[in-house]
Each structure stands twice: as C-alpha cells, then as structure tokens.
Amino acid sequence: MSNIEIDTPETSDNSFKSKAALVVSIFAMILALSNIGSSNASGEATEQNILAANVYSFFQAKNIRQTQYKLSADNLEISLSNSEKLNPTTKALMEKKLEGYKKTIERYESEPETGEGKKELLHKAKEHEKIRDKALLKDPWFDYAEGLLQVSIVLASVAIVTTTPALLTGSVVLGLLGTLSTINGYYLII
C-alpha cells in the first residue's frame, strides 16, 4: 500500500494550524529580539544622558573656578596699576601670582594632556549627547515593532482557534511590519 495522503478537511485544518503556530513562533522570537533592542536603546540613552550631565557639571565647575581666577587676576592687575605705592618685593610677588593665575586660566580653557579643559569637556559632553540622541531615535522603532508583533501574535493565535485564513494573513502582514521596525530599530535605515 502506498502512503498517499488525501487532503481531508481535518488534514487541511491541521496543516493550517501548524503554519499558524509557526508564524506565532517566528514572530514571538522577533518580539524577543525587539524587546532586547528596546531595553538596550533605553539603557544607553539613560547612561549617555547621565554621562553628558556629569561632564557638563564638571565643565561648569571649571568655568566657575576659571571665572574666580579671572576676577582675582583683574584685581591684581588693578592693584599693580598703582604700583608706585607698592614696595618692590610685594610688587614682584603680585606679578608672580598674576602670572600663575593667567596660566591657570589658560589651563582651565584647554588641557589636552588630561582632557579636562573646558574645550575638551565640552567636546566629550557633545559626544555623549550624540550617542544618546541616536539611542533615542532607535527606541520608538522598537516600540512600534513590539506593538505590531504582539497584535500579530494575537491574530495568529485567534486564526489557530478559528481556522480563519484572513486572520493569519493579517497576522503575517503586521508581523512583517514589526520585523521591519525591529530591523530599523537596530540599524536606523529609515
């Protein structure tokens, strides 16, 4: 006897249900990947925002200290303008102090050796903001993907119970859109 299967309504239902279950499995896996991407994007956005805020705080502290040195240097310059009233030792000490203040003011402006000058700090903060902004652009795509994939899975599950091909077709369309959104969340093609 040959093993020829005859396509009966029951066999057809089982085949349909198997295909629908496979659709559910595939889109559930993509949903998990989308969820991971969303968590990573959210975490990176938060982390980079904190890092940028920390660097801006350090920048502001440097700016305040630099301003204090500028004010002190201005006061010394004013005092030195009345140098005829100062004895030579005091005048030399004030000039030396003024020179030190000016060097510190310059160092606070830019310090490439340590990367802690205002110029370098501002650059670091902007870099953290760029990374944060890219992560923030990714996150909504994962949200769209998660919503589309969840609805797709529900439709495929209902299609299994009702054996309605139109529901499975709708599920596949939404699942494919969710898959494209997931891919775009990772690579920002759009």
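The values are calculated or read from the model by the stated rules, or taken from the named source; none is laboratory data. These figures come from a predicted structure and were not determined experimentally. Neighbour counts run over all protein chains shown; Cβ positions are idealised from the backbone, glycine included. Side chains are part of the model used for accessible areas, which takes the heavy atoms of the whole protein and leaves out ligands, DNA and RNA. Shrake-Rupley method; radii C 1.70, N 1.55, O 1.52, S 1.80 Å.
So here's what we get for this one:
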| item | result |
| --- | --- |
| Size of charge dipole - the chain - debye, nearest 20, with Cβ of Lys, Arg +1 and Asp, Glu -1, no other charges | 1060 debye |
| Kirkwood hydrodynamic radius of the chain, from inverse mean 1/r over distinct Cα pairs, in Å | 22.2 Å |
| Lys91 accessible area, assembled protein chains, probe 1.4 Å, Å² | 70 Å² |
| Inter-centroid distance (Cα atoms) of the stretch 132-190 relative to the stretch 25-60, Å | 20 Å |
| Per residue, in Å², the accessible surface of the chain once ligands and nucleic acids are set aside, probe 1.4 Å | 64 Å² |
| Two-decimal Rg/Rh across the stretch 101-165, once Rg and the Kirkwood Rh are taken from alpha-carbon atoms | 1.60 |
| Accessible area, probe 1.4 Å, largest first, for residues Leu33, Leu93 | Leu93, Leu33 |
| Mean Kyte hydropathy of -1.0 or more with a Cα span along the axis of at least 24 Å, helices from DSSP in the chain | 9-81, 118-162, 165-187 |
| Shape parameters for the stretch 128-190, alpha-carbon atoms, Rg then Dmax in Å | 14.7, 51 |
| Subset of Lys70/Lys91; Lys103/Lys126; Lys19/Lys138 violating a 30 Å alpha-carbon distance limit | Lys19/Lys138 |
| Distance (nanometres) between label positions extended 7 Å along Cα→Cβ at Ser72 and Ile50 | 3.4 nm |
| GNM result for the chain, Cα springs below 10 Å: residue of Thr163, Thr104, Thr11 fluctuating most strongly | Thr11 |
| Options Leu149, Ala166, Thr89, ranked by Cα towards positive dipole end of the chain, top entry (Cβ charges) | Thr89 |
| Carbon and sulfur %, accessible surface of the chain computed with the full protein complex present, 1.4 Å | 61 percent |
| Where N is the number of residues in the stretch 1-92, Cα Rg divided by 2.2 N^0.38 Å | 3.11 |
| Gain on full stretching of the segment that runs from Glu127 to Tyr187 - 0.36 nm per residue minus C-alpha separation | 19.7 nm |
